[in-house]
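Here's the structure, in structure tokens; my notes come after.
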Amino acid sequence: MKIVDASARRRAAILVAILVAPLAGCEALAISALGAGASAGVSYSINGAAYRTFTAPEQRVRNAALAGLKRMGGTVDATEQTDTGRLIKATMAERKIEVEIEPLSETATRVRAVAKRGWFTHDTATATEIIAQTEKSLGVPKEPRAASARARAGL
């Protein structure tokens with residue numbers, strides 16, 4: 001049995017800390033960067049879901065989401081009623097897609113899109129595009145980034 005002295009253990013601990021330190025917070029930085037460059041009004045969660053609330057009735061938003069999925073080449077596998085609204089389950093290029101449609105009022109509807117590839121990989125880009133295609137189907141006009149930033153700031 002080899003005995004390791006305290007200075008060797010200390011050097012090993014410092015080496016591990018130096019190698020692991022750059023990994024801390026990478027996900028938070030990536031999500032921040034993603035949010036900074038994303039389209040106006042789309043929010044993200046740490047699990048890769050994209051969210052957007054539309055000023056439109058639930059039925060109209062659901063039809064727009066279905067049209068967007070079709071335009072993207074997705075196959076709708078099922079739609080089901082949930083406690084909070086409707087859930088659309090679809091598949092697309094080895095991804096499982098879930099689009100949750102939640103009516104907030106008669107004229108406001110929240111959409112949550114998740115695209116998973118396997119058990120652990122979330123495809124935020126595809127989830128964002130589902131929101132963008134839903135937006136396109138609803139006929140929501142695109143704002144220039146500067147204008148949308150000013151509107152969010154209340155200017």
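The table for this structure:
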quantity: Kirkwood Rh, angstrom, the stretch 42-142 [1 / mean 1/r, Cα pairs]; calculated: 13.2 Å
quantity: Under 17 Å from the Ala67 label point (7 Å along Cα→beta-carbon), backbone N, the stretch 87-109; calculated: 109
quantity: Electrostatic dipole magnitude of the stretch 42-142 [Cβ: Lys, Arg +1; Asp, Glu -1; Cα centre; debye, to 20]; calculated: 300 debye
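Read the figures in this text as sums done on the coordinates, not as results from a lab. Values in this document were obtained by computation on a predicted structure and should not be read as measured data. With ideal geometry, Cβ positions are generated from the backbone for all residues, glycine too; neighbour counts draw on all protein chains shown.
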